[in-house]
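Participant: What follows is a structure written as structure tokens; I'll ask about it next.
The values are calculated or read from the model by the stated rules, or taken from the named source; none is laboratory data. Since we're looking at a predicted model, the values are computed, not measured. Cβ placement follows ideal geometry from the backbone for every residue including glycine, while neighbour counts extend to all protein chains displayed.
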């Protein structure tokens, strides 16, 4: 099996599934263990697969969808079977392609600048995200992130350690994982909002123009006050719906 043949085979491989038991995939995986180039390609492929899984898990099921499906079954049974099946399959395919296109527009390969990263993370914070884990326990948050191979060895500024934490989520950026830790500033919040202060942590190597040191870089992105800095091998991005003076209180 050549390297190119192995890559073609591994495009069908989904980490953490029974795919590895397939003889062809097993042979390609074995080759990756002895070929550095293929091993690096496989690592990127697995990271992209995991990023897609994260985004799929964040899709909210429309309200009333279950009841709608059940109510439509009686009508569908009276129709010719293959026609609705084809129609529903086409709709599902179009929906999937639209989602994948939106995903890659949101995370286009090659656009690995700090400015684009800031825009994407701010959009997540403002888009009505769902937390993967809701808790006020920092230990549980770090444990969850570590178990899911997201940055968990981050260092919180002293002032931010005192803020009330509400949970975390795992986002994707350039085929790597981003840890999103949610806090509260202490200001009154609407009934449906659990946090108004967000910290994003990503590997420094994923940004070609990452901050060189811990000197904070302030910027207003989509109306959100943000500050970015580097520490060790991580880049930190903190944002809140307030002004620079407010966000400085948490550094």
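Participant: Tell me whether region 200-211 contains one or more residues that are over 22 Å from the mean Cα position of the chain (by Cα) and either in the same structural domain as residue 133 (by TED's automatic domain parsing) or farther than 18 Å from residue 153 by Cβ (or both).
Facilitator: Narrowing region 200-211 to residues over 22 Å from the mean Cα position of the chain (by Cα): none.
Looking for residues that are over 22 Å from the mean Cα position of the chain (by Cα) and either in the same structural domain as residue 133 (by TED's automatic domain parsing) or farther than 18 Å from residue 153 by Cβ (or both), one finds none in region 200-211, hence no.
Participant: In region 142-158, how many residues are surrounded by 15 or more Cβ atoms within 10 Å (Cβ to Cβ) and under 14 Å from residue 234 (Cβ atoms)? Outline the logic, then answer.
Facilitator: Of region 142-158, the ones surrounded by 15 or more Cβ atoms within 10 Å (Cβ to Cβ) are 142, 144-145, 148, 150-152, 154, 156-157.
Restricting the remaining residues to those that are under 14 Å from residue 234 (Cβ atoms) gives 142, 145, 150-152, 154, 156-157.
The number of residues fulfilling the criteria is 8.
Participant: Can you confirm whether residue 163 is out of contact with any helix residue (DSSP H, G or I) (no Cβ under 6 Å at 6 or more places or on another chain) and either surrounded by 14 or more Cβ atoms within 10 Å (Cβ to Cβ) or modelled with pLDDT under 90 (or both)?
Facilitator: On the way: out of contact with any helix residue (DSSP H, G or I) (no Cβ under 6 Å at 6 or more places or on another chain): yes; either surrounded by 14 or more Cβ atoms within 10 Å (Cβ to Cβ) or modelled with pLDDT under 90 (or both): yes.
Answer is yes for this residue.
Participant: I'd like the full set of residues that are surrounded by 14 or more Cβ atoms within 10 Å (Cβ to Cβ) and under 16 Å from residue 45 (Cα atoms), limited to region 11-25.
Facilitator: Of region 11-25, the ones surrounded by 14 or more Cβ atoms within 10 Å (Cβ to Cβ) are 13-14, 19, 22, 24-25.
13, 14, 19, 25, listed by residue number.
Participant: Could I ask something else about it? Restricting to region 230-251, name every residue that is under 21 Å from the mean Cα position of the chain (by Cα) and either buried (at least 20 other Cβ atoms within 10 Å of the Cβ) or outside the structural domain of residue 209 (by TED's automatic domain parsing) (or both).
Facilitator: Answer for region 230-251, where residues must be under 21 Å from the mean Cα position of the chain (by Cα) and either buried (at least 20 other Cβ atoms within 10 Å of the Cβ) or outside the structural domain of residue 209 (by TED's automatic domain parsing) (or both): 235, 236, 237, 238, 239, 240.
Participant: Okay, next question. Filter region 162-184 for residues that are without any contact (Cβ under 8 Å) to a residue 60 or more places away in the chain and on the phi > 0 side of the Ramachandran plot and give the result.
Facilitator: 167
Participant: Which one of the conditions (1) touching a residue at least 60 places away in the same chain (Cβ under 8 Å); (2) outside any strand (DSSP E or B) does residue 144 fail to meet, given that it meets all the rest?
Facilitator: (1) is the only condition that residue 144 fails.
Participant: Please verify whether residue 5 is farther than 28 Å from residue 129 by Cα and either modelled with pLDDT of 75 or more or not assigned by TED's automatic domain parsing to the domain that holds residue 208 (or both), treating the condition exactly as stated. It would help to see each step written out before you state the result.
Facilitator: Values: farther than 28 Å from residue 129 by Cα: yes; either modelled with pLDDT of 75 or more or not assigned by TED's automatic domain parsing to the domain that holds residue 208 (or both): yes.
So residue 5 fits the description; yes.
Participant: Okay, next question. Quick check on region 127-141. Is at least one of its residues buried (at least 21 other Cβ atoms within 10 Å of the Cβ) and either over 17 Å from residue 238 (Cα atoms) or modelled with pLDDT of 95 or more (or both)? Give the derivation first.
Facilitator: Applying the first criterion (buried (at least 21 other Cβ atoms within 10 Å of the Cβ)) to region 127-141 yields 141.
Subset that is either over 17 Å from residue 238 (Cα atoms) or modelled with pLDDT of 95 or more (or both): 141.
The answer is yes, given that some residue of region 127-141 is buried (at least 21 other Cβ atoms within 10 Å of the Cβ) and either over 17 Å from residue 238 (Cα atoms) or modelled with pLDDT of 95 or more (or both).
Participant: Restricting to region 213-239, give me the number of residues that are in contact with a strand residue (DSSP E or B) (Cβ under 6 Å, 6 or more places away or on another chain), part of a strand (DSSP E or B) and closer than 17 Å to residue 156 by Cα.
Facilitator: So the count comes out to 11.
Participant: Here is a list of conditions, (1) on the phi > 0 side of the Ramachandran plot; (2) in contact with a strand residue (DSSP E or B) (Cβ under 9 Å, 6 or more places away or on another chain), and residue 210 meets all of them except one; can you say which number that is?
Facilitator: Residue 210 satisfies every listed condition except (1).
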